[in-house]
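The values are calculated or read from the model by the stated rules, or taken from the named source; none is laboratory data. Note that the structure is predicted; figures quoted are calculated from it, not measured. Positions of Cβ are backbone-derived with ideal geometry, glycine not excepted, and every protein chain shown enters the neighbour counts.
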Amino acid sequence: MKITRVETFLVPPRWLFCRIETDEGVVGWGEPVVEGRAEPVRAAVNVLAEQLVGQDPLRIEDHWQVLTKGGFYRGGPVLSSAVAGIDQALWDIAGKTYGAPVHALLGGNVRDRVRMYAWVGGDEPTELAEAITAQVEAGFTAVKMNATGRFPSGGSLGDIRAIVERATLAREVLGQSRDFALDFHGRVTVADARRVLPLLEELQPLFAEEPVVPENSHRLRGVVEATTIPIATGERLYSRSEFLPVLQAGVTVVQPDLSHAGGISETRRIAALAETYGVHLAPHCPLGPIALAASLQVAFATPNHLIQEHSIGIHYNEEAGLLDYLVDPSVFTFVDGYARRPEQPGLGIEVDEAAVRRADEAGHAWRNPIWRHDDGSFAEW
Ligand SMILES: [Mg+2]
């Protein structure tokens with residue numbers, strides 16, 4: 001079997017899909033994207049495709065090595081995400097060729113269902129109680145919310161209290177048996193993370209995510225040591241080498257994105273590395289259906305997987321949603337807040353190719369907002 005064609009599709013709301021075709025008619029799908037930077041990833045996939053056409057798609061590891069390292073310069077979000085989407089598509093082809101779901105090729109399922117969490121609120125969340133209640137009624141046992149919106153560099157007491165008050169409200173609505181996680185999006189400084197996290201401890205969040213930006217990873221140990229709240233990070237880290245320092249700093253949860261951190265192949269290695277630190281895996285996935293399908297395949301096969309993010313109802317998806325490009329959207333029906341084990345060969349979804357081709361004609365130009373502080377200076381989004 002040989003790869004004959006690699007195509008990319010820029011589809012709303014903010015995704016990029018790739019489709020890899022073979023001379024035996026087996027087709028694999030992947031989702032190589034950086035949110036807000038889809039076009040450069042598309043260009044990278046097109047360049048990497050030169051290495052793939054004419055090759056055996058089943059030599060996934062060899063392709064990963066060549067695509068990641070063969071250009072001399074390596075790493076970073078664009079190249080790593082291009083490799084990630086291609087890697088997903090190659091695993092999809094392998095599963096369809098061998099007639100098995102990807103998790104079976106990874107050693108078989110280690111669990112029968114996967115716990116999911118739902119997003120509540122947007123970047124500047126309001127009506128938090130209503131949003132949480134709706135997700136509880138939908139069956140979820142865990143939610144995630146932004147800890148704060150735009151946050152000044154050097155927060156006031158009022159800014160710190162606002163984080164505590166919203167988290168307190170979340171705990172009140174959820175009661176004592178359900179969980180919430182707080183995503184800081186790197187919006188606070190190391191000093192403010194150390195101020196606010198101890199104040200949140202009695203509320204027992206499941207984890208505090210990205211308390212500081214990845215550029216400050218060398219100071220993460222100080223954040224970890226300031227609190228008993230489990231610290232999570234990793235959506236802006238792209239390889240096992242980049243996860244090693246945060247593991248050494250003492251994080252509790254690593255969050256590689258299947259579409260950024262080298263795909264299924266590298267995420268499995270990151271999970272194994274995390275296991276040596278007694279650390280959980282909770283893949284980042286505010287993305288589309290192929291990224292979620294890849295995440296779930298890893299979740300079913302990975303012992304230290306904790307919980308899975310998904311993008312149904314997420315505030316970013318306005319023009320299109322997770323289920324719009326699937327022939328059978330019921331694969332992502334969650335029962336009691338858990339995903340069921342996919343049994344179809346490959347990634348376990350059937351992409352609606354006609355819908356994808358139509359959507360690509362319109363394309364998208366999604367960009368994240370640029371935020372500014374009250375004094376006009378740049379603010380982290
Ligand atoms: Mg996050």
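When only residues in segment 334-381 that are aliphatic (A, V, I, L, M) and part of a strand (DSSP E or B) count, which is surrounded by the most Cβ atoms within 10 Å (Cβ to Cβ)?
First, the residues of segment 334-381 that are aliphatic (A, V, I, L, M): 335, 339, 347, 349, 351, 354-356, 359, 362, 365, 370, 379.
Next, from what is left, pick out any that are part of a strand (DSSP E or B): 335, 339, 351, 379.
Numbers: 335: 10, 339: 21, 351: 23, 379: 18.
If we take residues in segment 334-381 being aliphatic (A, V, I, L, M) and part of a strand (DSSP E or B), then 351 is surrounded by the most Cβ atoms within 10 Å (Cβ to Cβ).
Kindly provide the set of residues from segment 19-55 that are touching a Ser or Thr at 6+ places or on another chain (Cβ under 9 Å) and over 17 Å from residue 9 (Cβ atoms), ordered by number.
Those that are touching a Ser or Thr at 6+ places or on another chain (Cβ under 9 Å) and over 17 Å from residue 9 (Cβ atoms): 22, 23, 24, 26, 53, 54.
Out of all the residues in segment 280-328, which are more than 16 Å from the ligand (Cβ to nearest atom), part of a loop (DSSP other than H, G, I, E, B), modelled with pLDDT of 95 or more and buried (at least 22 other Cβ atoms within 10 Å of the Cβ)?
Hits for segment 280-328 are 288, 302, 325.
Residue 177 passes all but one of (1) more than 13 Å from the ligand (Cβ to nearest atom); (2) under 20 Å from residue 254 (Cα atoms); (3) not in a helix (DSSP H, G or I); which number fails?
Against the list (1) more than 13 Å from the ligand (Cβ to nearest atom); (2) under 20 Å from residue 254 (Cα atoms); (3) not in a helix (DSSP H, G or I), residue 177 comes up short only on (2).
Residue check: is residue 206 crowded, with 16+ Cβ neighbours inside 10 Å, touching a helix residue (DSSP H, G or I) at 6+ places or on another chain (Cβ under 9 Å) and either part of a loop (DSSP other than H, G, I, E, B) or at pLDDT 95 or above (or both)?
Working: crowded, with 16+ Cβ neighbours inside 10 Å: yes; touching a helix residue (DSSP H, G or I) at 6+ places or on another chain (Cβ under 9 Å): no; either part of a loop (DSSP other than H, G, I, E, B) or at pLDDT 95 or above (or both): yes.
No.
Take the residues of segment 259-279 that are part of a loop (DSSP other than H, G, I, E, B) and away from the ligand (no atom under 16 Å from the Cβ): which is surrounded by the most Cβ atoms within 10 Å (Cβ to Cβ)?
Within segment 259-279, the subset part of a loop (DSSP other than H, G, I, E, B) is 259-262, 276-279.
Of the ones still in play, those that are also away from the ligand (no atom under 16 Å from the Cβ) are 262, 276-279.
Numbers: 262: 28, 276: 9, 277: 17, 278: 9, 279: 23.
Filtering first and then ranking leaves 262.
With respect to residue 188, is the statement that it is within 16 Å of the ligand (Cβ to nearest atom) and in a loop (DSSP other than H, G, I, E, B) true?
Working: within 16 Å of the ligand (Cβ to nearest atom): yes; in a loop (DSSP other than H, G, I, E, B): yes.
So residue 188 fits the description; yes.
Could you tell me which residue of segment 226-247 is nearest to residue 179 (Cα to Cα), considering only residues that are touching a Leu at 6+ places or on another chain (Cβ under 9 Å) and away from the ligand (no atom under 16 Å from the Cβ)?
228
Considering every residue within segment 197-218, establish whether at least one is β-branched (Val, Ile, Thr) and more than 16 Å from the ligand (Cβ to nearest atom). Even if it seems obvious, please write down each step before you answer.
Here is the first cut: in segment 197-218, the ones β-branched (Val, Ile, Thr) are 212-213.
Retained after the next criterion (residues that are more than 16 Å from the ligand (Cβ to nearest atom)): none.
Within segment 197-218, none of the residues are β-branched (Val, Ile, Thr) and more than 16 Å from the ligand (Cβ to nearest atom).
Return the pair list, or none, for Cβ contacts closer than 6 Å from residues in segment 234-257 that are under 21 Å from residue 299 (Cβ atoms) to residues that are hydrophobic (A, V, I, L, M, F, W, C) and in a helix (DSSP H, G or I), at least 6 apart or on different chains.
237/243; 240/270; 240/273; 243/270; 246/220; 254/243; 254/274; 256/270
Please enumerate the residues belonging to segment 238-284 that are of a type in the set (D, E, K, R) and under 23 Å from residue 45 (Cβ atoms).
Going through segment 238-284, the residues of a type in the set (D, E, K, R) turn out to be 240, 242, 257, 266, 268-269, 275.
Across segment 238-284, the qualifying residues are 240, 242, 257, 266, 268, 269.
With respect to residue 331, is the statement that it is within 25 Å of residue 141 (Cβ to Cβ) and crowded, with 18+ Cβ neighbours inside 10 Å true? Step through it out loud before you land on a result.
Working: within 25 Å of residue 141 (Cβ to Cβ): yes; crowded, with 18+ Cβ neighbours inside 10 Å: yes.
In short, yes.
Based on this model, can you work out whether residue 256 counts as within 14 Å of the ligand (Cβ to nearest atom) and assigned by TED's automatic domain parsing to the domain that holds residue 190? Talk me through it step by step, then tell me what you get.
On the way: within 14 Å of the ligand (Cβ to nearest atom): yes; assigned by TED's automatic domain parsing to the domain that holds residue 190: yes.
So residue 256 passes the test.
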